Structures are given as structure tokens and as C-alpha cells.
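Undergrad: Here's a structure for you.
The values are calculated or read from the model by the stated rules, or taken from the named source; none is laboratory data. Just so it is clear, the structure is predicted and the values come from calculations on it, not from any experiment. Heads up, the Cβs are rebuilt from the backbone with ideal geometry, glycines too, and the neighbour counts pull from every protein chain shown. What goes into the accessible areas is simple: the full protein's heavy atoms, side chains included, and nothing from ligands, DNA or RNA. Shrake-Rupley method; radii C 1.70, N 1.55, O 1.52, S 1.80 Å.
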Amino acid sequence: SQWGEENLQALSIQEGEDVTMNCSYKTYTTVVHWYRQDSGRGPALIILIRSNEREKRSGRLRATLDTSSQSSSLSITAAQCEDTAVYFCATRAASSSFSKLVFGQGTSLSVVP
Amino acid sequence: NAGVIQTPRHKVTGKGQEATLWCEPISGHSAVFWYRQTIVQGLEFLTYFRNQAPIDDSGMPKERFSAQMPNQSHSTLKIQSTQPQDSAVYLCASSPSDTEVFFGKGTRLTVV
């Protein structure tokens, strides 16, 4: 597997809390994709971070990438119930463009009122 | 833009029957991917096409699975002699470049 520490995890937090999801990868990559999947739908890209961007923000989302430790994280600030979903990190299998995306096992996040 | 369209959304087949899953990628996207998703295995890559040509089928079970892309507007995944372990959600995705991949809603295949 390309992924080291990330196994399917389940997190349950209360609305308003902050949460961070982590993943590590074994194959060198310059781009990490974060996808979210809602029930009954396919995954959708929520943030993409490149190696020259140690941190990237999009609304309440914040992604980090540390190529030296081959790890990435996704944080959600002040989580809302609508953030309930499964979150995946993914990288390209090879350095060339258009290679397949390899996904981690995902984190199932439940945000309760 | 209707996104990636997959049909049918649900399919039930008897053990040993054939199942064909259809995918219509987003117009103009040059890459089409097929993935399989189960609780145990997660999101598994099966195969992908670029400009209709098969590029990587390293995830395809060799004997009963096949995929084709006869034209720019659709791709099919065929499973012969379906087995209960083939039960999964099959996801098709397309991409215009090496960045974002757009997924369809998937086809839930149940083999009974």
C-alpha cells in the first residue's frame, strides 16, 4: 500500500469543535489531494496542496504537506453538521501526470449537534 | 454540466451472470478512471484510459473483468461470471488534466 499510517478511522465530534485528520504516504509525491465523500455520492475534491505550499486554506479547511516526513493533514475549523462525511487523502502513483490516484483508507467524520 | 454519469445506479445479478456498467465522462475530459469501493478494501483502482487508449489496468482482476472505451463519450466495465465478492460500488471518474478527478455517483453492484 502507498499509505502508511492512515487506516479507516471514525471520528465523532461536536459542532463547533476543530478536527484534524492525518495521513502519511510512502511514495514520493509533490501533490496531495483531499477528497470528501458524502453518503451515496462519489468522492469530490475539496483541497489540493502542492509541495511548494506547506499550507493551503479554503474557507474553514486547512491542509498541510510535509514532504520531508511524507505526511499531510486536513483540518476543519468550527466543524458543522454538514461536514459529516468520509475524508480521503490521495496521491498520484507516479510522478508523471495522469497516473492513477491512489487513495488512503479514509476518515469517517461525524459532527453531532 | 451533468458531471460524470453512471448507469445503472443499482444492479443486482445472480452468481455467474454477467454485469455491464456504463460511464459517461464529462465532455472534453481526456482521462477516464474506474475504481471499486468496499468497506474492507476502501477505494481500489481498477483501470484507466487516456484519450480512449488503455493506459493502466494494473488493478483489474485478470480473468473476469474487462473495460473498454469505444468512444470519447462512454466507457464500460464488464464483469463476467459475477461472484459475491464482486459486490461493491463501482465508481467511474474523469479528469481534464493531472489535477482534479471528478467522480460519478457510482453503481452499486450486488451479486446474490
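Undergrad: What's the total number of residues in region B:9-47 that are within 12 Å of chain A (Cβ to nearest Cβ), farther than 14 Å from B:Q72 by Cβ and open to solvent by 10 Å² or more (accessible area, probe 1.4 Å)?
TA: Taking region B:9-47 and keeping what is within 12 Å of chain A (Cβ to nearest Cβ), we get B:9-10, B:23, B:29-47.
Next, from what is left, pick out any that are farther than 14 Å from B:Q72 by Cβ: B:9-10, B:33-47.
Within this subset, residues satisfying the condition of being open to solvent by 10 Å² or more (accessible area, probe 1.4 Å) are B:9-10, B:36-41, B:43-45.
Within region B:9-47, residues that are within 12 Å of chain A (Cβ to nearest Cβ), farther than 14 Å from B:Q72 by Cβ and open to solvent by 10 Å² or more (accessible area, probe 1.4 Å) number 11.
Undergrad: Is it the case that region B:58-65 has a residue that's farther than 18 Å from B:G14 by Cα, within 11 Å of another protein chain (Cβ to nearest Cβ), touching a strand residue (DSSP E or B) at 6+ places or on another chain (Cβ under 8 Å) and not in a strand (DSSP E or B)?
TA: Yes, region B:58-65 has at least one match.
Undergrad: For A:T29, which of the numbered conditions (1) surrounded by fewer than 17 Cβ atoms within 10 Å (Cβ to Cβ); (2) among the hydroxyl-bearing types (S, T, Y); (3) not in a strand (DSSP E or B) fails to hold?
TA: Condition not satisfied by A:T29: (1).
Undergrad: Next question, about the same structure. If a residue has to be touching a Ser or Thr at 6+ places or on another chain (Cβ under 8 Å), on the phi < 0 side of the Ramachandran plot and surrounded by fewer than 20 Cβ atoms within 10 Å (Cβ to Cβ) to count, how many in region A:70-85 make the cut?
TA: 4
Undergrad: Would you call B:I5 over 18 Å from B:D98 (Cβ atoms), touching a Lys or Arg at 6+ places or on another chain (Cβ under 9 Å) and not basic (K, R)?
TA: On the way: over 18 Å from B:D98 (Cβ atoms): yes; touching a Lys or Arg at 6+ places or on another chain (Cβ under 9 Å): yes; not basic (K, R): yes.
The answer is yes for B:I5.
Undergrad: Exactly one of these conditions fails for A:G16: (1) modelled with pLDDT of 90 or more; (2) over 28 Å from B:K105 (Cα atoms); (3) open to solvent by 50 Å² or more (accessible area, probe 1.4 Å). Give me its number.
TA: Only one criterion is unmet by A:G16, namely (3).
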